[in-house]
1. Can you tell me which residue in the range 90-121 is least open to solvent (accessible area, probe 1.4 Å), limited to those that are touching a residue at least 60 places away in the same chain (Cβ under 8 Å) and over 19 Å from Ile50 (Cα atoms)?
2. Considering the range 60-80 alone, what residues qualify as being hydrophobic (A, V, I, L, M, F, W, C) and surrounded by 14 or more Cβ atoms within 10 Å (Cβ to Cβ)?
3. May I ask you to list the residues in the range 29-57 that are over 25 Å from Arg89 (Cβ atoms) and not hydrophobic (A, V, I, L, M, F, W, C)?
4. Given Tyr40, Tyr83, which one is open to solvent by less than 70 Å² (accessible area, probe 1.4 Å) and at pLDDT 80 or above?
5. Please find, within the range 132-151, the residue that is modelled with the lowest pLDDT out of those that are open to solvent by 20 Å² or more (accessible area, probe 1.4 Å) and under 19 Å from Asp168 (Cα atoms).
6. Could you list, in sequence order, the residues of the range 89-126 that are in contact with a helix residue (DSSP H, G or I) (Cβ under 8 Å, 6 or more places away or on another chain) and modelled with pLDDT under 75?
7. Of the conditions (1) open to solvent by less than 50 Å² (accessible area, probe 1.4 Å); (2) under 18 Å from the mean Cα position of the chain (by Cα), Leu175 satisfies every one except a single condition; which number is it?
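The values are calculated or read from the model by the stated rules, or taken from the named source; none is laboratory data. The shown structure was predicted, so the numbers you read here are calculated from the model rather than taken from an experiment. Note that each Cβ is placed from the backbone with ideal geometry, even for glycine, and that neighbours are counted across all protein chains shown. With ligands, DNA and RNA removed, areas are computed over all heavy atoms of the protein, side chains included. Shrake-Rupley method; radii C 1.70, N 1.55, O 1.52, S 1.80 Å.
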Amino acid sequence: MRKSLTALILPILISSTTFAQRRVEDNLFSLNVLAPGATYEFAVGNTSTINASLEFGILYRNSDFFEDGFGIYPGGTLQYRFYNNFKRRESKGKNTFGNMANFLAPSVYLQSGNPLIGDLETVSDINGGAGVMYGLQRTGKKGFQFNLMFGPVVFFDDFDTEAGILLDIRLGFVLGAKKKFNN
């Protein structure tokens, strides 16, 4: 446990002491529309950020074998993103506003099994996953943001733990992006 905690914290401590040539944007707040929620991303180093999001998952089930129902479930994701291609994008004349780059991110997510709204309760009180995601983030001039992430994840709930691949697509808008983009 102590070794894994050190492995998670050490990169953050090392990168947070090297702010000389920060390439990442700090304090990006976006609203997500595909999975309703909000994301906040702040810089912790030259090319690394912490990305935290709160979202609501929507589940509907219509079945001949199980109980029909609907539910809206709260959840959250925490990532340490290391952006790895700013120099290449800049050398090609591409924009890096809004942290438009590819990244590698140790990630953790949790979601409640009890709905905030609705009657469809899952078997587990909580479920989640942890893994390493590779992704890309793109932000347009008017603030439209697209995130695509995928990678191996260990999924868990109250009864089971299994490995799999997670694909995560997020669409949203960065608040204040047009103002930042024009400066």
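1. It comes out as Leu120.
2. Here is the first cut: in the range 60-80, the ones hydrophobic (A, V, I, L, M, F, W, C) are 65-66, 70, 72, 78.
Once the filter is applied, which keeps residues that are hydrophobic (A, V, I, L, M, F, W, C) and surrounded by 14 or more Cβ atoms within 10 Å (Cβ to Cβ), the range 60-80 yields Phe70, Ile72, Leu78.
3. If the condition is that a residue be over 25 Å from Arg89 (Cβ atoms) and not hydrophobic (A, V, I, L, M, F, W, C), then Pro36, Gly37, Glu55, Gly57 are the ones that fit.
4. Tyr83
5. Our first condition is that a residue be open to solvent by 20 Å² or more (accessible area, probe 1.4 Å); within the range 132-151, this holds for 132, 134, 136, 138, 140-142, 144, 146, 148, 150.
After this cut, where a residue has to be under 19 Å from Asp168 (Cα atoms) as well, the list is 132, 134, 136, 138, 144, 146, 148, 150.
Values: Val132: 97, Tyr134: 96, Leu136: 92, Arg138: 87, Phe144: 90, Phe146: 92, Leu148: 95, Phe150: 96.
My answer is Arg138.
6. Those that are in contact with a helix residue (DSSP H, G or I) (Cβ under 8 Å, 6 or more places away or on another chain) and modelled with pLDDT under 75: Asn95, Thr96, Phe97, Gly98.
7. Of the numbered conditions (1) open to solvent by less than 50 Å² (accessible area, probe 1.4 Å); (2) under 18 Å from the mean Cα position of the chain (by Cα), the odd one out for Leu175 is (1).
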